[in-house]
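Each remark here refers to the structure printed beneath this line.
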Amino acid sequence: MGCYVLDFQEIDQTQVAIAGGKGALLGELSRIEGICVPAGFCVTTDAFERILAAAPSIDDRLDRLSRLKPDDREAIRALSAEIRRALEGIDIPEKLASAITRSVARLGEQAAYAVRSSATAEDLPTASFAGQQDTYLNVVGSAAILDHVSRCWASLFTERAVTYRLRNGFDQRKVQMAVVVQQMVFPQAAGILFTADPVTSNRKVAYVEASFGLGEAVVAGLVSADVYEVRDGEVVAKAVATKERAIHASPVGGTQELALEPGRQEQPALTDAQVVRLAQLGRRIEAHFGRPQDIEWCLADDGFRIVQSRPITTLFPIPAAGDRGDHVYVSVGHQQMMTDPMKPLGLSLFQLTALRPMHEAGGRLFVDVTGQLASPASRAGLIEVLGKSDPLIGDALQTILERGDFIRSLPDEGPGGAPAGDPPAPIKTHPTIVAELIECNRASVAGLKRDIRAKSGSALLDFILADIQELKQILFDRRSHQVIMAAMEAAWWLNEQLQVWLGETNPADTLTQSVPHNVTSEMGLALLDVADVIRPHPNVVAFLQNVEGDGFLDELAMLTGGPEARDAIRGYLDKYGMRCVGEIDITRQRWSERPSTLLPMILRNIKNFEPGAGKRRLAQGRQRAWKKEQELLDRLLVLPDGEQKAEAAKRMIDRVRTFTGYREYPKYGMVSRYFVYKLALLEEAERLVRAKVLREKEDIFYLTLHELHDVVRTNQVEKHLIRERKDAFRSYQALTPPRVLTSDGEVIAGAYRRDGLPADVLVGLPVSAGTIEGRACVIADIAHADLEAGDILVTAYTDPSWTPLFVAIKGLVTEVGGLMTHGAVIAREYGLPAVVGVERATQLIRDGQRIRVHGTHGYVEILP
C-alpha cells in the first residue's frame, strides 16, 4: 500500500510526483525560516491511483481523451463529464478514509479547512495551470472533507483542465491528482504578491494586489483590488480601489459575498508599512526558490500567512551577464525575422557565425547595446540605424535614455566618434561587382560540399568549426558590406530628396521592383515556373492534391507527365531546398527534407495563374520601375537646377537597381552552408544512435556545437541534459520575446511617434508604397496557409520561405519587420503595399475581415 497522507513538514519541492505542484510547493514553503504557512497535509497521488484502480472503465475513456484535438470541444465536454461522474461515484476505501480523518483529527476536527486540488502538472516552472482544477473553502468536518477530496479528484477532468493539457502537450494519462487539506485563515485582508512587475516584467519591482476578506475575490476578479508597487524597500506607486464587496467564510460552510459599508470601501486594505513587510517576505521566498514568484497571502492579526507560491511562468528570462551592472539588450530575432525559439545547436551555430557577441535567453538571441547607448558619440547612430530597421526598437532605446534612470552617460569621446580605420571608399555602380560576389559565394559552397564528404567523427566537427571562419569572411566581406550599404543609402537618398524636390513619398519602393540578382524574389517566381510544367497534366495535379508524406517524388515517374513534374520540383529543390521557415536555425526542417511543404503553394499557383506568369510578373515590375524613373527624371528637369538634380537622381536610381538585389544573397549563402553542415551532422548522429549514445538522431539539436564535439569525441552524453533542454524548449515556445529588454527584466515597449494619422487605425512602418483593400488572411503557420488569389497576408513575421506566397497576395501586414527585412524587400520588388511592425496585428485583425493597407503612410484600416 502506498503512502496516502503526508504532513506539510514531510514534503518538499522535489515531491511533485506524490504531492502535486501545489502540495510540493506548500511543503517547501513551510520549511523557509520566517515564512508562516497554515498547517495542513496532502492526500497523495497514491490515493488517487487507488481510486482509479477501482474504476477500470476510466482507462478506455482516458485513451479516447488523449486522442482528441484541443478544438474538439463537444467531445471533450462529454467525455470529461463521464470521467468526473465515474470518479465522484467511487466510495473512498476504508483505509484511505481513515488516514485522512486521522490527519484531520490531529489538526482539529472542528476547524475549518481549505480543500485544494494539487495536480502533478500544476504550479510548475514551465506551466502554471492556474485555476484549471477546483478549490473549496471553509469545509468543516471529516465527512465534508472526504466529499470535497473526491470532488478535487474529479476536477482533474474538468473541460478547461483537459483542454489546457491538450494545448500544452501534457499526456492525460500521466497527470495525477493529489489534494491539499489546509487550515483556513479568516483574514482581514488578502491578495496576491508578484515579486516581479507582471506588466513590465521588472524584477526589481514587487507588485501587490490587496482587498478585504478572502483572497478569492482578487483571484477570481470579483473586486478591483488596491495596487501597490514596491522598489528598494519603499512604496513607489499606489492606487486604492473602491472595494464594494468582499468574500468571507459563511457560518454554514463555504463562502459568501458581502457588501462593504460605504465608509470602508475606499480605505486601503494595507498600510504602506505592511506592504513593504509583505514585499520583504516575497523576496525571501523568491530567493529560496531562485526565481520570481506569484504568491497568495492573507493578513490575520497583523501577521502575514502564505497560502501559495508558484513561479511566474510568463516572464521572459533575462540574458546572463558577467557582472551585476545595468544592461540593455536588443532582440536579434526581430532583425532576422525569426522570433520563435531556437534549439541549442541552432543558437550556438548562429552565435559562432555572428560578428559580435550575443546573449541567449528564452531560446532567443540578444545583443548588449549598453556601451553604445551610454556613449554620446555612438548613441545617436545606434538609435538611427536600429530605428530605420525597426522604429519600435529605436523608440524603446530613446525611451530608456529620456527616462534617465537606467543608463549613465559615459564621458564624450570627442567629436566624430568614428571607428578606427579609413571610411569605406565609394563603390562604383557596376553589375560585375555583384556577379563576382555571388560567384565567390557559390564557389565556396561548392567547395564545402566537395570537401565535407570525406569527414567524420571529431574531424567533421573540427572541419565545420574551421569552415565557419570562411563563412564569416564571406558574410562580413568589405565589398559585400559596401554593396548592401550603397543600395540602402541610395534608397534613403531617393526617398528623402524626391520628397523635398517633388513631394514624392517613398519612390524607391517602385524603383526597386524586379531588380536583378534577388535570389529570394526569384525563388517565388521560379515556383510559378514549376506550376507551368505541372499544369498541363491533370493526372499529376490530382495525384499531388492527395499526397501523404514526402516520398511522392519517386512515385511521380509512373504517371504521364510525372517525370517532367518530378524533375521540375527536384530542380527547384536543388536551388532552394535549403530554405524553410526560421531558416537561421539549423535544426529546422528544410524543404529538401520535407518537399510536401511546397505542394500547397504549387497547387495554388496552378489554380490562380496562367502559364508564363513568372516571366510576366518580372517584366511588369521592370516596366513599372522604368516608367517611374522616366516620370521622375522628366519632372526634375523642369525644376531650378533640374539637370544637376536629374543627374544625381539617375546615379542613385542606377545604384539602387544594381545593388538592391544582392541584399538577399549573403543569407542565402549562409543557409546553403548551414544545410551542408546539417546533413553531415545528421549522418554523424546516426552513428551515435547505432552506438546507443543517443536515442534518436535529432537529439543533437539539443546540444551546442561544442557539446556535440565532445559527445562525438567521447561517445558519451548526459541524457538528463537533453531531456531538460527539450522541456525548456517547450516552455520557451509559449513566450513572446521583447524587442528591448533590460537586465532588470523590464520589457521596454516602443511606440510610433507620428502625427496626422486617422483615429482607430493600426499603426506600423510603411515599407512598400501603395494602398490596397481586400480580405485579410491571418496565418500563424505557413503549412496551414489557405490563401485565395488577391488576399492580404497578415502574419507575425515573414522570412524568405514565405516568398512563394507573395506571388498570390496583393498586400502584406506583419507584426515584426523593418525597412530592409526580407518581407519588406520582396514586397517592394513585387509591388505589394506593405505595412510591418504592426503590434498584435494577428490578434486585432480577424481572418476574413476586409482591411485597407496604406503602404505609403504606414497604417491599416479595419473596414466595416
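The values are calculated or read from the model by the stated rules, or taken from the named source; none is laboratory data. Since this is a predicted model, take the numbers as computed values, not measurements. Every residue, glycine among them, receives a Cβ derived from its backbone with ideal geometry; neighbour counts consider all protein chains shown. Heavy atoms of the whole protein, side chains included, go into the accessibility calculation; ligands, DNA and RNA do not. Shrake-Rupley method; radii C 1.70, N 1.55, O 1.52, S 1.80 Å.
When the criteria are applied in full, Tyr228 fails the requirement of being of a type in the set (Ser, Thr, Tyr), open to solvent by 10 Å² or more (accessible area, probe 1.4 Å), assigned to a strand (DSSP E or B) and modelled with pLDDT of 90 or more. Against the test of being over 16 Å from Ala178 (Cα atoms) and either in a helix (DSSP H, G or I) or touching a Gly at 6+ places or on another chain (Cβ under 7 Å) (or both), the options Ile90, Ile83 yield a single qualifying residue, Ile83. A single entry from Glu698, Glu718 fulfils the requirement of being open to solvent by 70 Å² or more (accessible area, probe 1.4 Å), out of contact with any strand residue (DSSP E or B) (no Cβ under 9 Å at 6 or more places or on another chain), of a type outside the set (Ser, Thr, Tyr) and under 20 Å from Phe350 (Cβ atoms): Glu698.
Looking across the stretch 252-275 at every residue that is of a type in the set (D, E, K, R) and open to solvent by 80 Å² or more (accessible area, probe 1.4 Å), the one that is modelled with the lowest pLDDT is identified as Glu257.
For first residues located in the stretch 463-488 and under 24 Å from Arg828 (Cα atoms), partners that are of a type in the set (A, V, I, L, M) and not in a helix (DSSP H, G or I) and lie 6+ apart or on another chain with Cβ distances below 7 Å form the pairs Gln482/Ile427; Val483/Ile427; Ala486/Ile427; Met488/Met820. The set of residues in the stretch 405-449 being modelled with pLDDT under 75, open to solvent by less than 70 Å² (accessible area, probe 1.4 Å) and either of a type in the set (S, T, N, Q) or closer than 24 Å to Arg651 by Cα (or both) consists of Ala425 alone. A single member of Ala241, Ala210, Ala287 is surrounded by 23 or more Cβ atoms within 10 Å (Cβ to Cβ) and either small (Gly, Ala, Ser) or touching a Leu at 6+ places or on another chain (Cβ under 7 Å) (or both), and it is Ala210.
Apart from one condition, Leu705 fits all of (1) over 39 Å from the mean Cα position of the chain (by Cα); (2) closer than 30 Å to Gly823 by Cβ; the exception is (1).
Against the conditions (1) closer than 18 Å to Glu664 by Cα; (2) surrounded by 22 or more Cβ atoms within 10 Å (Cβ to Cβ), Leu498 satisfies every one except (1). Could you grab me the full set of residues in the stretch 786-807 that are in a loop (DSSP other than H, G, I, E, B) and either of a type in the set (Val, Ile, Thr) or over 22 Å from Tyr668 (Cβ atoms) (or both)? Selection gives Asp786, Leu787, Glu788, Ala789, Gly790, Asp791, Ala796, Thr798, Val807.
Taking Thr795 as meeting all but one of (1) in contact with a Cys (Cβ under 7 Å, 6 or more places away or on another chain); (2) surrounded by fewer than 24 Cβ atoms within 10 Å (Cβ to Cβ), write down the number of the exception. Thr795 satisfies all of (1) in contact with a Cys (Cβ under 7 Å, 6 or more places away or on another chain); (2) surrounded by fewer than 24 Cβ atoms within 10 Å (Cβ to Cβ) except (1).
Across the stretch 255-276, the number of residues qualifying as of a type outside the set (A, V, I, L, M, F, W, C) and part of a helix (DSSP H, G or I) comes to 6.
Restricting the search to the stretch 631-652, which residues are open to solvent by 70 Å² or more (accessible area, probe 1.4 Å), hydrophobic (A, V, I, L, M, F, W, C) and not in a helix (DSSP H, G or I)? Answer for the stretch 631-652, where residues must be open to solvent by 70 Å² or more (accessible area, probe 1.4 Å), hydrophobic (A, V, I, L, M, F, W, C) and not in a helix (DSSP H, G or I): just Val638. Residues in the stretch 761-785 that are part of a strand (DSSP E or B), out of contact with any Asp or Glu (no Cβ under 9 Å at 6 or more places or on another chain) and not aliphatic (A, V, I, L, M): Thr771 only.
Kindly check whether there is at least one residue in the stretch 299-316 that is surrounded by 20 or more Cβ atoms within 10 Å (Cβ to Cβ) and out of contact with any strand residue (DSSP E or B) (no Cβ under 7 Å at 6 or more places or on another chain). Looking through the stretch 299-316, at least one residue is surrounded by 20 or more Cβ atoms within 10 Å (Cβ to Cβ) and out of contact with any strand residue (DSSP E or B) (no Cβ under 7 Å at 6 or more places or on another chain). Only a single item in (1) crowded, with 22+ Cβ neighbours inside 10 Å; (2) modelled with pLDDT under 95; (3) among the aliphatic types (A, V, I, L, M) is not met by Leu471, and it is number (2). Does Arg151 meet the test of being open to solvent by 10 Å² or more (accessible area, probe 1.4 Å), in a helix (DSSP H, G or I) and either touching a residue at least 12 places away in the same chain (Cβ under 8 Å) or in contact with a Cys (Cβ under 9 Å, 6 or more places away or on another chain) (or both)? Here the answer is yes, as Arg151 does meet what is asked.
Residue-by-condition table, conditions (1) open to solvent by 20 Å² or more (accessible area, probe 1.4 Å); (2) under 30 Å from the mean Cα position of the chain (by Cα); (3) at positive phi; (4) among the polar types (S, T, N, Q):
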site	(1), (2), (3), (4)
Leu544	no, no, no, no
Val547	yes, no, no, no
Ala557	yes, no, no, no
Pro563	yes, no, no, no
Glu593	yes, yes, no, no
Arg604	yes, yes, no, no
Arg617	yes, no, no, no
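The selection criterion, being under 26 Å from the mean Cα position of the chain (by Cα), of a type in the set (D, E, K, R) and open to solvent by less than 10 Å² (accessible area, probe 1.4 Å), does not hold for Asp727. Restricted to the stretch 425-450, and to residues that are among the small types (Gly, Ala, Ser) and not in a loop (DSSP other than H, G, I, E, B), which residue is nearest to His517 (Cα to Cα)? Top of the filtered list is Ala435. Could you please let me know if Gly322 is open to solvent by less than 20 Å² (accessible area, probe 1.4 Å) and farther than 24 Å from Glu28 by Cα? Here the answer is no, as Gly322 does not meet what is asked. The residues on offer are Pro198, Pro292, Pro268, and the sole one that is on the phi < 0 side of the Ramachandran plot and more than 35 Å from the chain's Cα centre (by Cα) is Pro268. Scanning the stretch 325-359 for residues that are without any contact (Cβ under 8 Å) to a residue 60 or more places away in the chain, under 21 Å from Pro800 (Cα atoms) and buried (at least 19 other Cβ atoms within 10 Å of the Cβ) returns a single hit, Val332. For the criterion of being at pLDDT 95 or above and surrounded by fewer than 22 Cβ atoms within 10 Å (Cβ to Cβ), Ala249 fails. Scanning the stretch 518-538 for residues that are under 32 Å from the mean Cα position of the chain (by Cα) and open to solvent by 40 Å² or more (accessible area, probe 1.4 Å) yields a single hit, Glu522. Flag: Ala105 does not match the condition of being open to solvent by less than 40 Å² (accessible area, probe 1.4 Å), among the aliphatic types (A, V, I, L, M) and in contact (Cβ under 8 Å) with a residue 12 or more places away in the chain. The set of residues in the stretch 1-22 being in a loop (DSSP other than H, G, I, E, B) and in contact (Cβ under 8 Å) with a residue 12 or more places away in the chain consists of Met1, Gly2, Cys3, Tyr4, Ile11, Asp12, Gln13, Gln15. In the stretch 239-248, the count of residues that are over 28 Å from Val139 (Cβ atoms) and touching a Pro at 6+ places or on another chain (Cβ under 8 Å) is one or more.
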